[in-house]
Every structure is written in structure tokens, then in C-alpha cells.
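The values are calculated or read from the model by the stated rules, or taken from the named source; none is laboratory data. Since the model is a prediction, treat every value here as computed from it, not as a measurement. Note that each Cβ is placed from the backbone with ideal geometry, even for glycine, and that neighbours are counted across all protein chains shown.
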Amino acid sequence: MNKITSDSRELVRQIYQWITGKKSILLLTHQRADGDAFGSIFAMSHCLNDMGISAFPYVTENVPDRYESFVPKDTLIGKQVDFNSFDGVMCLDCANKKRIDIPNNTTFSDLPLLCCNIDHHIDNSKYGEINYIDDKCSATTEILSIMIKELSLPCSPECATALLLGIITDTGGYRFNNTTAQTLNIASWLMDKKGDHDQIIAEMYYNESIHMLKFQAKLFDEIHFAFDNRLAYFLITDELLDRHGVVSEDAEDVVDIARAIKGVEMICRIQETEEGMRYSLRSMNPAIPIIEIAHQLGGGGHEMAAGALQKNITIEKAEDLLLTYVGECIAHHGNS
Ligand SMILES: [Mn+2]
């Protein structure tokens, strides 16, 4: 069941030594956290606290409603942080220094703490003192579960629930092709540990306002197709959001709804945001690694799910770039 490799076992042992030498650990993740990001920092806070090490998850922005019930009481939300009160930082589910959600408006190089980096992004830049990167895992919480299991660390029901939250959200409820036998084995183990699967499914998938569902219906009215319908994409402007009374963050997850369309192999959402034009990219065809397009746009992520941000371009230009790069990608990878 537990197919941990000897390399991973060695890393896990190093992490154990790193952790147990600390009294207080700050837990960070990527900006605009998702279920795996929250799940990772929340789970490690439960686990470390139960080991007698004080640990504090940090996020700058308010936690979206659907994650509210999973937030541990010690979570630092948008607070000033005294770095001197910690002797280490764990960066979880975050591919590079630039994406880390760091307190006090500082940058990674200003952070006076040693870093343990645990992640499943294929393009992780290994910026930590210790780096445990496994892109074969569906979620960072899958890696953390393996580590917790391997080391027999405390895994309370709250910890197991947070770990399960990351796995369920990063696999789209076990539907994406990053779901492996190991993923399901770990999910089963977490349910044995009293992880609350029902609560997660209820909060993540049966909790949408009718307003949002009607907005999604409107988006399907305005969906675009290209390359014989192999690519489906949404262009989300401020004007469109205003017209439907939806805020920017609410539209962030809509890219995955187009997976349901028969014959579609690639999906993109291009959205106007305060920082610039944001691309979310998905591929359902293993022959087409969508991360290549994200890299061309200056972004990154996973082979089949990636993203990018481009500053100072119009939505028309953003659409042009998308169609150009997708066209090149299809030509390069053929019609398999
Ligand atoms: Mn993740």
C-alpha cells in the first residue's frame, strides 16, 4: 500500500529532524490559496501542535466562506507577524519564492527563517533548505499524508480532514487524471483517521448560491471555441462581472466547469484582474501538456493544470496570445 521510495524515506527523515529541532514554526502557502494550500497549512498546524511544537498558519487575505469551517483557531489572517518568535518556516504547495504569501509585505529574501519546502508542482524551484517535491502526488496534502503516516506523527480527525480537503479539491473530487491508486489509498487511510469526507464534499460541491449558478449559465452563453472545439475558453471582463453582480474571486473556479463538455481537450479562462490578465489553463488530453503554454505566458503549474499572469495587455491581445500558443502546441504535439 505504502509505496514510499528510499529517496522519499530519506527526505522524510530529514524533515523529521528539521521539525523536531524547532519550537515554533510559521506555515506559509501560495497567494490566493486554494483547497490544497489551506489544507496543507491547516493540517500541519494540527499535527505540529499535537507534537508539542507551536505552529501558526498564515494567510494575508480573508478565507473564502467555503473553507471557513476548516480554519484552525490559531490561524493568522492578515496580521503583522513577529518573525523573531519563530525558528523555522514551512512553505507548502508553493512552487517558487515569488508566489509565497508572506506576512508584513516582505519578500522571501527578507524572511529571517530557515525554510522547509514541501510541494507537488513539477516546476518547483527548490528554494528551501530542505525540499521535498513529488509531482506524482495529486496534492501537497497527499505528500504530507505519506510523511505523517511514514513517521507515525499525530493525525487527529481535524488534521485528517484538512489533508483530505487538499486531495479532494486538487483532484476535483477524484475526477482529474492526477488521481492514482496511491491517492485513493491515502484518502481511505485519512477516512480511517476520521477525516470528514462528507463535510468536505458538502462544502466544496453542494454549496453554490443560485446566483453563482446563474452566472455560470451566462458564461456558457458566451463561451468561445477554437481548433475544432478542442479548445474552449472564457473571456471574463470587469464589465461582465459587473453586469452579473459577481466579484472577481467568485469567477476564479469557473475554468473547470467546461470539463463537462464532450470533445473539449483544453480549457482556458482569461480574466481581467487588478494585477493584470490572469490565465487559468487545463488540459484533459495527456498528449498536450498545457504547462508549456503557461511557461510561454510567463507562468507555471502542473502539466495538466497551470496558470499565468500578464501585465498591461488587453483582453483582445490576451486572446490572440492564447490562440497562437495553443495552435503551436497542437502542431508540436500532433493529433494524438
Ligand atoms: Mn496543490
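Only residues that are modelled with pLDDT of 95 or more, touching a helix residue (DSSP H, G or I) at 6+ places or on another chain (Cβ under 8 Å) and part of a loop (DSSP other than H, G, I, E, B) were counted in region 84-121, giving 4. Residue count for region 270-296, restricted to those that are out of contact with any His (no Cβ under 6 Å at 6 or more places or on another chain), surrounded by 22 or more Cβ atoms within 10 Å (Cβ to Cβ) and part of a loop (DSSP other than H, G, I, E, B): 1. Tell me whether region 28-41 contains one or more residues that are more than 15 Å from the ligand (Cβ to nearest atom), among the aromatic types (Phe, Trp, Tyr) and on the phi < 0 side of the Ramachandran plot. No, that holds for no residue.
Specify the residue that is nearest to SER69 (Cα to Cα); the eligible residues are those in region 133-156 that are outside any helix (DSSP H, G or I), within 16 Å of the ligand (Cβ to nearest atom) and out of contact with any strand residue (DSSP E or B) (no Cβ under 6 Å at 6 or more places or on another chain).
Going through region 133-156, the residues outside any helix (DSSP H, G or I) turn out to be 133-139, 151-156.
Then drop every residue that is not within 16 Å of the ligand (Cβ to nearest atom), which leaves 133-139.
Next, only the ones that are out of contact with any strand residue (DSSP E or B) (no Cβ under 6 Å at 6 or more places or on another chain) stay: 134-139.
Values: ASP134: 29, ASP135: 29, LYS136: 29, CYS137: 25, SER138: 23, ALA139: 20 Å.
Ranking the qualifying residues of region 133-156, first place goes to ALA139.
ILE19 meets each of the listed conditions (1) buried (at least 19 other Cβ atoms within 10 Å of the Cβ); (2) touching a Pro at 6+ places or on another chain (Cβ under 6 Å) apart from (2).
Residues checked against (1) buried (at least 18 other Cβ atoms within 10 Å of the Cβ); (2) in contact with a Gly (Cβ under 9 Å, 6 or more places away or on another chain):
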| site | (1), (2) |
| --- | --- |
| ASP7 | no, no |
| LEU26 | yes, yes |
| ALA55 | yes, no |
| PHE70 | yes, yes |
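Can you find a residue in region 309-332 that is assigned to a loop (DSSP other than H, G, I, E, B) and within 20 Å of ILE100 (Cα to Cα)? Yes, region 309-332 contains at least one residue that is assigned to a loop (DSSP other than H, G, I, E, B) and within 20 Å of ILE100 (Cα to Cα). Among the numbered conditions (1) closer than 20 Å to MET284 by Cα; (2) assigned by TED's automatic domain parsing to the domain that holds LEU153; (3) not hydrophobic (A, V, I, L, M, F, W, C), the only one that GLY195 does not meet is (1). Checked against (1) touching a His at 6+ places or on another chain (Cβ under 9 Å); (2) within 16 Å of the ligand (Cβ to nearest atom); (3) under 21 Å from SER24 (Cβ atoms), CYS159 meets all criteria but (2).
Take MET204 and tell me if it is within 16 Å of the ligand (Cβ to nearest atom), out of contact with any Leu (no Cβ under 7 Å at 6 or more places or on another chain), in a helix (DSSP H, G or I) and among the hydrophobic types (A, V, I, L, M, F, W, C). Quick ask: steps written out before the conclusion?
Numbers: within 16 Å of the ligand (Cβ to nearest atom): yes; out of contact with any Leu (no Cβ under 7 Å at 6 or more places or on another chain): yes; in a helix (DSSP H, G or I): yes; among the hydrophobic types (A, V, I, L, M, F, W, C): yes.
Yes, satisfied.
Any residue that is assigned to a helix (DSSP H, G or I) and either within 16 Å of the ligand (Cβ to nearest atom) or in contact (Cβ under 8 Å) with a residue 60 or more places away in the chain (or both) - is there at least one of those in region 51-63? Reasoning before the result, please.
First, the residues of region 51-63 that are assigned to a helix (DSSP H, G or I): none.
The answer is no, given that none of the residues of region 51-63 is assigned to a helix (DSSP H, G or I) and either within 16 Å of the ligand (Cβ to nearest atom) or in contact (Cβ under 8 Å) with a residue 60 or more places away in the chain (or both).
Note on region 166-182: residues that are surrounded by fewer than 22 Cβ atoms within 10 Å (Cβ to Cβ), within 15 Å of the ligand (Cβ to nearest atom) and within 18 Å of ILE4 (Cα to Cα) amount to 2. When you check ASN96 against the structure, is it touching a strand residue (DSSP E or B) at 6+ places or on another chain (Cβ under 7 Å), within 16 Å of the ligand (Cβ to nearest atom) and more than 29 Å from TYR205 (Cβ to Cβ), yes or no? No. Would you confirm whether or not region 70-91 contains a residue that is within 16 Å of the ligand (Cβ to nearest atom), touching a strand residue (DSSP E or B) at 6+ places or on another chain (Cβ under 9 Å) and closer than 25 Å to LEU165 by Cα? Taking every residue of region 70-91 in turn, at least one turns out to be within 16 Å of the ligand (Cβ to nearest atom), touching a strand residue (DSSP E or B) at 6+ places or on another chain (Cβ under 9 Å) and closer than 25 Å to LEU165 by Cα. If the requirement is being outside any helix (DSSP H, G or I), in the same structural domain as GLU142 (by TED's automatic domain parsing) and either aliphatic (A, V, I, L, M) or within 22 Å of ARG282 (Cβ to Cβ) (or both), which of these qualifies: THR183, THR179? Being outside any helix (DSSP H, G or I), in the same structural domain as GLU142 (by TED's automatic domain parsing) and either aliphatic (A, V, I, L, M) or within 22 Å of ARG282 (Cβ to Cβ) (or both) holds for just one of THR183, THR179, which is THR179. Of the residues making up region 109-132, those that are away from the ligand (no atom under 16 Å from the Cβ) and aromatic (Phe, Trp, Tyr) number 1. Test GLY166 against the stated conditions and say whether it is of a type in the set (Gly, Ala, Ser), outside any helix (DSSP H, G or I) and either under 19 Å from TYR67 (Cα atoms) or not assigned by TED's automatic domain parsing to the domain that holds PRO64 (or both). So GLY166 does not fit the description; no.
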